[in-house]
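To keep things clear, I will list the structure first and then write my remarks on it.
The values are calculated or read from the model by the stated rules, or taken from the named source; none is laboratory data. The shown structure was predicted, so the numbers you read here are calculated from the model rather than taken from an experiment. Every residue, glycine among them, receives a Cβ derived from its backbone with ideal geometry; neighbour counts consider all protein chains shown.
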Amino acid sequence: MRRGTRLPDRCRRPPERRPHAGVPVTAEHSAASTARSHSVAASGTLAATVAEALTLTSTGPDTFVAARAGADDPRGLYGGRLTAQALRAASHTVPDERLAHSLHSYFLAPGDATKPITYTVGRERDGGRFSVRRVVASQEGVPILNLEASFQQIQPGADYQAEAMPDTTPPEALPTVRQDPRMLDLDVRIPHDDEAYHRWPTRLWVRIKTSLGDDANLRACGLVFVSDMCTGLSKAPLVKHVGILPSIDHSVWIHRGCDPNRWLLLDLAPESTSQGRGMYTGRIYDENRVLVANLAQESLFRLRNSHGRPGPSRT
């Protein structure tokens, strides 16, 4: 999705404010949010929470529809929402014991926030332990996203992570940052970063406020929703001379289950810019310092010319 799906100031370093503790999710909140989610899906009402946005309506064999995202917006759809909904559609077609462990997506068009989205799932393979699904998201017959996802029947194995979570200020000691409304009910907090960044932070704490329940695949979709919030390219050389950063593709590898209603730390870093494209990678840790996912994304990285328009690419 277009980098323009992210408001330039929605993830900026916040002004100094008194720390604001997150509100815990209760069983009563969870039950109420689940009931409202199904109501939203049935009525086409705009979603107010991530849980509601991830509630799709089945319209036929392996076909699902998400209600419109909001008012007309020249930035198009938020890519994390689109990818998470596609993964949710795929998860509805696999056995309950098979959990999402990786996805690879290509953004084909910005999308229209005023129109519903149809997700058509193709059952590529169901093996002894793995299932693979291909999903095409479209609006009025025009594809806007292609996604492939793999699901695995969980099994025991070696448990190792190469990189420890970086030391940073805990989220409870940081103020909440006001969000773009398209981020729905995300609680975001930005720790101090010694390295300068442009527009988007590369390290941030985030959690989804409204309960997603205990469905492991729904929680994976919540993780994917937040995975596309910012960009590691905000620390790339010459980024100040680049306009919006339209996303070309987005991949996520989920190593371990997590609860995105609890705090997750996104840690992003640029990898390369060349030929008008930029690529960054990221790690997502839970509040116990456990690596739960890795991500990678490639975006357009076109330098502006003297008239403020994207010009010939150079590094």
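Scan region 96-117 and give yes if some residue there is under 16 Å from residue 252 (Cβ atoms) and modelled with pLDDT under 95, otherwise no.
no
Being within 16 Å of residue 216 (Cβ to Cβ) and either out of contact with any Ser or Thr (no Cβ under 7 Å at 6 or more places or on another chain) or of a type outside the set (S, T, N, Q) (or both) is the filter here; which residues of region 236-279 pass it?
252, 253, 254, 255, 256, 257, 258, 259, 260, 262, 264
Determine which member of the set 81, 88 is closer than 14 Å to residue 229 by Cα and charged (D, E, K, R).
The unique qualifying residue is 81.
Do you know which residues across region 141-158 are among the small types (Gly, Ala, Ser) and exposed (fewer than 12 other Cβ atoms within 10 Å of the Cβ)?
141, 157, 158
Among 208, 248, 244, which is of a type in the set (A, V, I, L, M, F, W, C) and buried (at least 21 other Cβ atoms within 10 Å of the Cβ)?
On inspection, the qualifying residue turns out to be 208.
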